Every structure is written in structure tokens, then in C-alpha cells.
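What follows is a set of notes on a single structure, which appears directly below.
Every number in this text was worked out from the coordinates using simple rules, so none of it is lab data. In this text the structure is predicted, and so the values were computed from the model without any measurement. Note that we place each Cβ from the backbone using ideal geometry, even for glycine, and neighbour counts take in every protein chain shown.
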Amino acid sequence: MDSTLWDEMDAFIAETLLPADPALDAAIEANRAAGLPAIDVSPAQGKLLHLFARMIGARRVLEIGTLGGYSTICLARALPGDGLVVTLEADADHAAVARKNIDAAGQGAKVDIRVGPALHSLPGLEGEGAFDLFFIDADKANIPAYVDWALRLARVGSVIVVDNVVRKGDVLDPASENADAQGARRFFLEAGRQVRLCATAIQTVGVKGWDGFAIGIVEKPVTPRR
Ligand code: SAH
Ligand code: DHB
Ligand code: MG
């Protein structure tokens with residue numbers, strides 16, 4: 001498969017459907033200048049996250065994995081003025097770049113960045129109110145643990161999106177030594193048995209290579225029949 005065509009198609013999608021976006025362009029440039037890895041969602045994927053949030057009328061969003069805040073800005077823009085994105089980032093340098101990018105994009109009031117390993121921050125979110133939408137995009141080895149947390153912090157009808165669940169097909173190998181691929185693989189095996197999550201996964205190609213995302217909706221806990 002000619003991956004240059006994937007990139008050209010992504011460019012075409014961006015030219016036709018995504019209006020010029022100086023704030024997002026500036027964020028990408030600031031990330032590059034600060035030496036952050038270029039592993040943000042693509043422009044088309046960022047718009048998809050934005051649309052998901054609007055489709056469900058999200059008011060409270062939890063993101064795990066901020067990087068420079070590209071996806072955070074896409075999500076925050078979808079929320080009403082009193083909406084909130086809580087975003088968890090382990091790396092203080094990434095969080096500092098994100099803070100600037102998010103403020104420069106005019107979304108500062110809607111974004112709460114919590115610095116530290118996500119598994120340390122997550123327990124502190126209990127009791128603050130349920131989240132309507134989750135975007136899980138940090139270390140892939142912990143995807144199953146993050147999904148468990150999302151289920152605890154969700155309400156019935158909340159939506160969970162997980163990035164990078166395909167990894168060029170690496171998740172197919174049960175013996176893979178790649179912890180990222182193993183984490184994504186375990187997500188599939190556990191989510192498939194998880195009755196509280198009605199889910200699917202979509203493979204993607206384009207400027208970020210061959211990968212994919214999973215999306216699920218949180219169902220009512222079932223009362224066991226006796
Ligand atoms: N969502 C971003 C991209 C996130 S890249 C976007 O699309 O724009 C993944 C991020 O997760 C990196 O910034 C990395 O530092 C962070 N990360 C890695 N392990 C983490 C952990 N245990 N807890 C919180 N963040 C983590
Ligand atoms: C990686 C992380 C991401 O969140 C992503 O979208 C792509 C790649 C990575 O760690 O390689
Ligand atoms: Mg990602």
C-alpha cells in the first residue's frame with residue numbers, strides 16, 4: 001500500500017473540511033520548538049474528538065495523556081463556557097508547553113492540567129462528579145487500568161475513546177515483547193468481556209501511520225439474576 005496516498009488523502013481532508021486553525025498550528029510549532037515528540041492526534045482525528053464531544057453534549061471531559069495539549073484544545077473548544085477538561089500528564093515539561101498552548105488558544109479557563117503519573121491522579125478525581133467523555137492517550141501498557149478507572153468515573157451513557165489500539169497490527173501477537181502492543185491487546189480481550197462497555201474499534205491510516213482507536217459507551221451495571 002502506498003502510504004504517500006494516505007498522507008495526500010489526509011491533506012485533502014484537511015484542506016476541504018478543516019478550516020485554517022492558527023491556534024492549533026501554533027501549538028504544533030511550539031511543541032516542535034520544545035522538542036516534544038510529534039505524536040499528537042492528526043488534525044482530522046482532533047476534529048473527530050471535537051465532534052464526539054459535541055455529539056453527546058459533553059460538559060466534563062477526562063483526558064489521560066496531554067503532551068502539548070493539541071487534543072486538549074480540540075476537546076475544550078467543544079464544551080460550553082462552564083465546561084471542563086481535566087487532563088493528566090506525567091511529564092512536567094510537556095504539561096508546561098501544554099499550559100501555554102491551551103492558554104494561547106483561549107481555552108485556559110476550561111482546562112485543568114494535573115501533573116503526575118495518571119494512576120496517581122485518578123483516585124483524586126473520585127467524588128468530583130462523573131465525566132461525560134474520556135480520551136485515553138498516555139502510556140499504552142496501562143490502557144486496561146485506565147479503562148477500569150474510566151468506568152469508575154463514568155455515568156451510564158458516558159463515552160470512552162482509546163487511542164493507538166492497533167499499532168501497525170502489533171496487537172495481534174500474543175507473545176509480543178512490546179508493552180504498548182500488549183496493553184492494547186489486553187484492552188481488547190478485557191473490553192470484549194466487559195458487560196458495562198459496548199465498544200468497537202476502527203483502524204486508521206494517514207499522517208500518523210497505521211493505527212486505530214476504540215470507542216465505547218458505558219452501559220448500566222447489570223443486576224445478576226438469581
Ligand atoms: N493526547 C495528546 C498526545 C498524548 S502523547 C494529543 O493528541 O495531542 C502521550 C502523553 O502521555 C505524553 O505526553 C506522555 O508524557 C504522557 N504519559 C506517558 N505516561 C504517562 C502516565 N503514566 N501518566 C500520565 N501521562 C503519561
Ligand atoms: C505514541 C503515542 C501516542 O499517543 C500516539 O498517538 C502515537 C505514538 C508512542 O508513544 O509511540
Ligand atoms: Mg495517541
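Residue order for Thr87, Thr204, fewest other beta carbons within 10 angstrom first, comes to Thr204, Thr87.
Pairs of alpha-carbon atoms within less than 8 angstrom and 6+ residues apart define the contacts here; what relative contact order does the chain have, in percent? Write down the numbers at each step before the final one.
Working: 408 pairs, mean separation 38.8, N = 226.
Result for the chain is 17 percent.
Lysine pair count for the chain (Cα-Cα distance under 19 Å; residues 8 or more apart in sequence or on different chains): 6.
Find the centroid of the Cα atoms in region 149-207 and in region 119-133, then give the distance between the two in whole Å. With region 149-207 and region 119-133 each reduced to a Cα centre, they are spaced 20 Å. Across region 72-178, C-alpha contacts under 8 Å between residues 6 or more apart give a mean separation that, scaled by the residue count, equals a relative contact order of 22 percent.
Under 5 Å from the amide H of Val166 lie the amide H atoms of Gly212, each residue being 5 or more positions distant or on a separate chain, with H modelled from the backbone and absent for Pro and chain starts. The ellipsoid that matches the Cα gyration tensor of region 99-226 has semi-axes, each √(5λ) in whole angstrom, of 24, 22, 14, with the longest given first. Taking one quarter of the surface of the C-alpha convex hull of region 2-125 gives a mean projected area of 8.3 nm². Once every Cα of the chain carries one equal point scatterer and solvent is ignored, give the base-10 log of I(q)/I(0) from the Debye formula at q = 0.10, 0.12, 0.15 Å⁻¹, two decimals. Here log10 of I(q) over I(0) equals -0.44, -0.64, -1.02. The residue among Gly116, Met55, Thr87 whose Cα reaches farthest toward the positive pole of the charge dipole of the chain, with charges on the beta-carbon of Lys, Arg, Asp and Glu, is Met55. Across region 92-174, the convex hull enclosing all Cα atoms gives 136 Å³ per residue. Karplus-based coupling profile of region 40-45, in residue order and whole Hz: 5, 4, 6, x, 5, 5, with θ = phi - 60° in 6.51 cos²θ - 1.76 cosθ + 1.60 and x standing for Gly or Pro.
Residue-wise HN-Hα couplings along region 122-134, as the Karplus relation 6.51 cos²θ - 1.76 cosθ + 1.60 with θ = phi - 60° gives them from phi, are 4, x, x, 8, 5, x, 8, x, 5, 9, 7, 9, 10 Hz; Gly and Pro carry x.
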